[in-house]
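K.L.:
My questions all concern the structure below.
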Amino acid sequence: MTTQRPILIAGGGPVGFITALALARQGLPVHLFEGEPRINDMPRAATTHAATLEMLAGLGMVEEVIERGYVEPLFRIWDRQSKELVAEFDFGLLKDETPYPFAVQCEQHKLAGMALRRLRDYPNVTVEFSARVTSLEQFADHVEITVDSTEGTRKLAGSYLIGSDGGRSTVRKGLGVEFEGYTHPERFMILTTTEDLGRIYPGCTRNYVTDPDAWFSVFTVSGDERGPLWRVLSATKIEQTDEELMNPDATEKRLQAFMPKDTPYDVVHRNLYNVHQRVAASFRKGRVFLAGDSAHVNNPLGGLGLNFGIHDSVELTTLLGQVIRGEAREDVLDQYDLHRRPLNIEFVQQQTIANKKRMEEKDPSARQKDHDQLRRTAEDPAQHRAYVRKASLIASVKKREAVAA
C-alpha cells in the first residue's frame, strides 16, 4: 500500500539513506534530499554494534557490512601511565543472544553507499543530491518543504517529513525544537594512518587508553584500496588553534607522543571537530520527526551515536508503515518520541559521558577506584555480560521490546 504523497527525508547520511531503504522495502514512496553533491566520505563514525547488525540484517545489508568491514569481538581499556591493561571485554559472551557477537568497524559513508545502491532498485524512491531542505510548513494532512537545488528553489508536499540532516538540522530549527545539553570546551581530533598499529596493541583492534593529561583511543577501520587503516582519536587543548593542530608537523608530533616509532607516520586523513552532548527536546512535532544527529549528538567514545540513529530509523519506519497501512491509529506515532528520547539519554548520553570521564579522570583515587571496578566487572561473568549487553545496545533494544510487550 502506498500514500498519495511521498514521505520526505532531509539529509543523506547513513541514517537518512537507511530510513529511505526501510520505507522503500514496505512499498512506501520516498523522496530524499541531500544538500551535498555526493555522500560525505570524511572520517566519522565507524563502529556497528550487534543490535544494529541485527537491524541491518532485516534490511538485507548485514552480509555486505561484515564483508566490507573489520570484525572485532573485543575491546580493551588501558592505563597509559602504567602501560597496564585495565580490562578486556568480549562481545563473544553474547553468542547465545545474537548472531553477531562482535562489533564491525565499517565507516559510515560505506553504510550510506550500501543503502543508496539498494535504493536504486525501487521505483518508489527519488534521491536528489545538491538539494537542500531550507524550510517547512505543516498542515492537517501533509507537510510542505522548500528545497534549494541547482535547478532553483521549489516547494514540495509530502505526507510526513523526517529530518536526518545532522546536528545543525534545519528541520529541527524549523520546528522550533530546543537542542538541550552542552558542548565540550575542547575539540576532538581524528588522525587516520596506514601504519599497522597492531604491533603496539596486538590482539585487539579497539583500544581505549586512559590518561589524565592526554588520553587517546586506537582502532582499525576497513579502509580502502590501501588496506585497513588505523584511527587515533584524542582531545585537544582549548587554547590550540587549527593551524597549531592540523599542520603535518603537529600531527606527526602528536602521533609520536602517543606511540613513538623510528619512522614518520603516513597520515591519510586529519579531522578536527567540536563535540556535543545534546538531545532534542522532542523527536516529533506533528507530521515531522527527527532521527540520528538531528535528534541527538554525543561524544564518539563507545561508538554509540550512529548506532542509535539507525535504531531511530528502524523504529520510526516501522511505526509509519503501520499507520499508513491502516494497521494502527496515528497516535501510535507518539511512541517514537515517548521511547526513543529517554532511551537515548540512558543508553547513549549517560554511557558516552561516563566513558569520557573515565578516559580523562584526573583525581588519582577516583581513577584507581574506576579501574578497580572495571577489573572486577571484567572478571565476573554476570557483570561482564551485563556490561557488553549495554555497550552493544542490546540492553537498549530489550528494554524497548519489554515496554512494547
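K.L.:
Of (1) open to solvent by 20 Å² or more (accessible area, probe 1.4 Å); (2) free of Cβ contacts under 8 Å to residues at least 24 places away in the same chain; (3) not hydroxyl-bearing (Ser, Thr, Tyr), His339 satisfies all except one. Which?
P.N.:
With respect to (1) open to solvent by 20 Å² or more (accessible area, probe 1.4 Å); (2) free of Cβ contacts under 8 Å to residues at least 24 places away in the same chain; (3) not hydroxyl-bearing (Ser, Thr, Tyr), His339 is out only on (2).
K.L.:
Within segment 342-390, track down each residue that is open to solvent by less than 60 Å² (accessible area, probe 1.4 Å), more than 20 Å from Lys83 (Cβ to Cβ) and not in a helix (DSSP H, G or I).
P.N.:
Of everything in segment 342-390, just one residue is open to solvent by less than 60 Å² (accessible area, probe 1.4 Å), more than 20 Å from Lys83 (Cβ to Cβ) and not in a helix (DSSP H, G or I), namely Asp380.
K.L.:
In segment 65-78, which residue that is among the charged types (D, E, K, R) and open to solvent by less than 40 Å² (accessible area, probe 1.4 Å) is nearest to the chain's Cα centre (by Cα)?
P.N.:
Among those residues, the one meeting the criterion is Glu72.
K.L.:
I'd like the residue in segment 153-178 that is in a strand (DSSP E or B) and touching a Ser or Thr at 6+ places or on another chain (Cβ under 8 Å) and, out of all such residues, is nearest to Ala235 (Cα to Cα).
P.N.:
Gly163
K.L.:
Another question, then. Quick one: in segment 149-158, of everything that is open to solvent by 10 Å² or more (accessible area, probe 1.4 Å) and at pLDDT 95 or above, which residue is nearest to the chain's Cα centre (by Cα)? Working first, answer last.
P.N.:
To start, the set of residues in segment 149-158 that are open to solvent by 10 Å² or more (accessible area, probe 1.4 Å) comprises 149-157.
Remaining after also requiring at pLDDT 95 or above: 149, 152-157.
Working: Ser149: 27, Gly152: 32, Thr153: 31, Arg154: 31, Lys155: 31, Leu156: 29, Ala157: 29 Å.
Within segment 149-158, the match that is nearest to the chain's Cα centre (by Cα) is Ser149.
K.L.:
If Ile190 satisfies all but one of (1) surrounded by fewer than 20 Cβ atoms within 10 Å (Cβ to Cβ); (2) in a loop (DSSP other than H, G, I, E, B); (3) of a type in the set (A, V, I, L, M), what's the number of the condition it fails?
P.N.:
Result: Ile190 passes all but (2).
K.L.:
Restricting to segment 5-21, count the residues that are open to solvent by 10 Å² or more (accessible area, probe 1.4 Å) and more than 17 Å from the chain's Cα centre (by Cα).
P.N.:
Within segment 5-21, residues that are open to solvent by 10 Å² or more (accessible area, probe 1.4 Å) and more than 17 Å from the chain's Cα centre (by Cα) number 2.
K.L.:
Does Lys83 satisfy the condition of being surrounded by fewer than 17 Cβ atoms within 10 Å (Cβ to Cβ) and on the phi > 0 side of the Ramachandran plot?
P.N.:
Working: surrounded by fewer than 17 Cβ atoms within 10 Å (Cβ to Cβ): yes; on the phi > 0 side of the Ramachandran plot: yes.
Yes.
K.L.:
Considering only segment 318-336, state which residues are in a helix (DSSP H, G or I), open to solvent by less than 40 Å² (accessible area, probe 1.4 Å) and free of Cβ contacts under 8 Å to residues at least 24 places away in the same chain.
P.N.:
Listed by number, the residues that qualify are Leu319, Val323, Val332.
K.L.:
Further question on the same structure: What are the residues in segment 22-53 that are open to solvent by less than 10 Å² (accessible area, probe 1.4 Å) and of a type in the set (Val, Ile, Thr), if any?
P.N.:
Within segment 22-53, Val30, Thr48, Thr52 qualify.
K.L.:
If I filter segment 138-152 down to residues being assigned to a strand (DSSP E or B) and in contact with a strand residue (DSSP E or B) (Cβ under 9 Å, 6 or more places away or on another chain), which single residue comes out as farthest from Ala295 (Cα to Cα)?
P.N.:
Ser149
The values are calculated or read from the model by the stated rules, or taken from the named source; none is laboratory data. It should be emphasised that the depicted structure is a prediction, and the values quoted were computed from it without experimental measurement. No Cβ is skipped: glycine too gets one built from the backbone with ideal geometry, and neighbour counts run over all protein chains shown. These area figures cover heavy atoms from the full protein model, side chains too; ligands, DNA and RNA do not enter into them. Shrake-Rupley method; radii C 1.70, N 1.55, O 1.52, S 1.80 Å.
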